[in-house]
Amino acid sequence: MATATLTIFTIFALFAVSSLTAAAETPFVVAHKKASVLKIKSGPERVSVTIDVYNHGSLAIYDVSLTDDRWSSEIFGFVAGNTSTSWEKLDAGSHVSHSFELESKVKTTYYSPPAVITFRIPTKSKLQEAYSTPIPALETLAEKTVAYKLDLFAEATCTIWIPCFCSSPCRIVCANYIWSISEIKCDECKEKTLIVHQL
């Protein structure tokens, strides 16, 4: 009786250990999606999108496919790269990155859904699926003002005096201390020698 009980216990113990081992030997896919709006002085506004895919598991994954094609064609135009790509294999502990660029066409607040990642693992025949992290709402073609820090003297009328490299003070008149330029021309030397640093 004791021998039979011990045998049954041993079988269950081996089954539990094998189950835990199998659970530990699995891929763990994490995808991080990020987007940034690029303001260009002469040209349309661009949106740069990057998606990083990490395999934090202990097994390699195969036939990895990334799709992020749910960008409205009425709001964005495609400039560079593709919204989908694939990799043959992603080893355990490694990561890959994919980027593409869009052009803003409409002023709006846009919520982009997560990217979709599909892959296969040797222990399962079914195609596996994962999703990237979401991104904050994108403000396209927004007329945002940028404040700049001036380590200079500013009068109450907001007339700001900046010493130029030509030793002649250059005066800038603005409203409410709001700046939208990063460099200006000096009235004396006519060169773009003055740089206003962003706050």
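I need the full set of residues from the range 55-81 which are in contact with a Pro (Cβ under 7 Å, 6 or more places away or on another chain), over 22 Å from Pro134 (Cα atoms) and of a type in the set (S, T, N, Q), in order please. Walk me through how you get there before you give the answer.
Taking the range 55-81 and keeping what is in contact with a Pro (Cβ under 7 Å, 6 or more places away or on another chain), we get 55, 57, 59, 61, 70.
Those left that are additionally over 22 Å from Pro134 (Cα atoms): 59, 61.
The answer is none; no residue qualifies.
A single entry from Ile61, Ile75, Ile51 fulfils the requirement of being of a type outside the set (Lys, Arg) and more than 21 Å from Ala137 (Cβ to Cβ): Ile61. Taken over the range 49-61, the criterion of being surrounded by 15 or more Cβ atoms within 10 Å (Cβ to Cβ), over 19 Å from the mean Cα position of the chain (by Cα) and not β-branched (Val, Ile, Thr) is satisfied by Gly57, Leu59, Ala60.
Of these, Val79, Val37, Val116, which one is touching a residue at least 12 places away in the same chain (Cβ under 8 Å), of a type in the set (Val, Ile, Thr), surrounded by 17 or more Cβ atoms within 10 Å (Cβ to Cβ) and on the phi < 0 side of the Ramachandran plot? If you could, list the steps in order and put the result at the bottom.
Details: Val79 fails: surrounded by 17 or more Cβ atoms within 10 Å (Cβ to Cβ); Val37 fails: surrounded by 17 or more Cβ atoms within 10 Å (Cβ to Cβ).
Being touching a residue at least 12 places away in the same chain (Cβ under 8 Å), of a type in the set (Val, Ile, Thr), surrounded by 17 or more Cβ atoms within 10 Å (Cβ to Cβ) and on the phi < 0 side of the Ramachandran plot holds for just one of Val79, Val37, Val116, which is Val116.
For Pro134, are the conditions met, namely being part of a loop (DSSP other than H, G, I, E, B), modelled with pLDDT of 95 or more and surrounded by 12 or more Cβ atoms within 10 Å (Cβ to Cβ)? Spell out the reasoning first.
Numbers: part of a loop (DSSP other than H, G, I, E, B): yes; modelled with pLDDT of 95 or more: no; surrounded by 12 or more Cβ atoms within 10 Å (Cβ to Cβ): yes.
The answer is no for Pro134.
Return yes when Glu88 is within 15 Å of Thr50 (Cα to Cα) and either hydrophobic (A, V, I, L, M, F, W, C) or over 15 Å from the mean Cα position of the chain (by Cα) (or both) and no when it is not. Spell out how you get there, then give the answer.
On the way: within 15 Å of Thr50 (Cα to Cα): no; either hydrophobic (A, V, I, L, M, F, W, C) or over 15 Å from the mean Cα position of the chain (by Cα) (or both): yes.
The answer is no for Glu88.
The values are calculated or read from the model by the stated rules, or taken from the named source; none is laboratory data. None of the values given here were measured: they were computed from a predicted structure. For neighbour counting, all protein chains shown are included, and Cβ atoms are generated from backbone atoms with ideal geometry for every residue, glycine included.
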